[in-house]
1. Taking only protein heavy atoms and a 1.4 Å probe, what accessible area per residue, in Å², does segment 25-121 have with all protein chains in place?
2. Determine the calculated [θ] at 222 nm for the chain from helices alone, applying -39500 (n - 2.57) to every DSSP H run no shorter than 4 residues and normalising by the residue count; nearest 500 deg cm²/dmol.
3. Give me the percent of the accessible area of the chain that comes from carbon and sulfur atoms, probe 1.4 Å, all protein chains in place.
4. Can you list the lysines whose alpha carbon sits under 29 Å from that of Lys15, skipping same-chain ones fewer than 8 residues off?
5. Which lysines does Lys66 reach when only Cα atoms under 24 Å apart count, and residues fewer than 8 places away in its own chain are ignored?
6. Below 8 Å, C-alpha to C-alpha, sequence gap of six or more: please give me the relative contact order for the chain in percent.
7. Let's test the formula: R0 of 41 Å, r as the Cβ-Cβ distance of Lys58 and Val27. What FRET efficiency results, to the nearest 0.05?
8. If you find the alpha carbon centre of segment 1-29 and of segment 83-127, how far apart are they in angstrom?
Amino acid sequence: MAEQIQKKLQSELEKYQQLQKDLSKTVTSRQKLEAQLTENNIVKEELELLDATNTIFKLIGPVLVKQDMEEAKATVGKRLDYIAGEIKRYEQQMQELERRAEQQRELLGRLQQDFQRAQGKAASGKT
């Protein structure tokens, strides 16, 4: 019996470790989005400082291409909306992974107790 519980415990531990890896990847992705959000907010602020006499260029591959001011502002605005939406999605994903990890942690605790009880019974049965 203890052997069966031990196998189940190992299996559930692997699931928990995978959840932790997934959570770590999600946190890293969210941090990258935060950096992009900050960068794009800076670009937006800089664009607000310019007037119609300024020329804006956009880097496309190795070439700088002239871009319309309103088009540049619209592009940055859309990018900010997209990034904010992605951050929200990652936050929801993180909450779900944390919830699942907590459930898995509780299951591991119960299995560990069952395993210890089974070991205790086995040891007392041998004497």
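The values are calculated or read from the model by the stated rules, or taken from the named source; none is laboratory data. Small disclaimer: the values here were computed from a predicted structure and weren't measured. Please note: Cβ atoms are built from the backbone with ideal geometry, for glycine as well, and neighbour counts cover all protein chains shown. Just the protein is used for accessible areas: all its heavy atoms, side chains included, with ligands, DNA and RNA removed. Shrake-Rupley method; radii C 1.70, N 1.55, O 1.52, S 1.80 Å.
1. Details: 7140 Å² over 97 residues.
Per-residue value: 74 Å².
2. On the way: 2 runs with 106 residues, N = 127.
One gets -31500 deg cm²/dmol as the mean residue ellipticity at 222 nm.
3. Values: 4870 of 9530 Å².
Ligands and nucleic acids excluded, carbon and sulfur give 51 percent.
4. Those lysines meeting the cut-off are Lys7, Lys25, Lys32, Lys88, Lys121.
5. Within the straight-line limit of under 24 Å, Lys66 reaches these lysines: Lys44, Lys58, Lys78.
6. On the way: 74 pairs, mean separation 57.4, N = 127.
Dividing the mean separation by the residue count of the chain yields 45 percent.
7. Numbers: r = 31 Å, r/R0 = 0.77.
Efficiency at R0 = 41 Å is approximately 0.85.
8. 8
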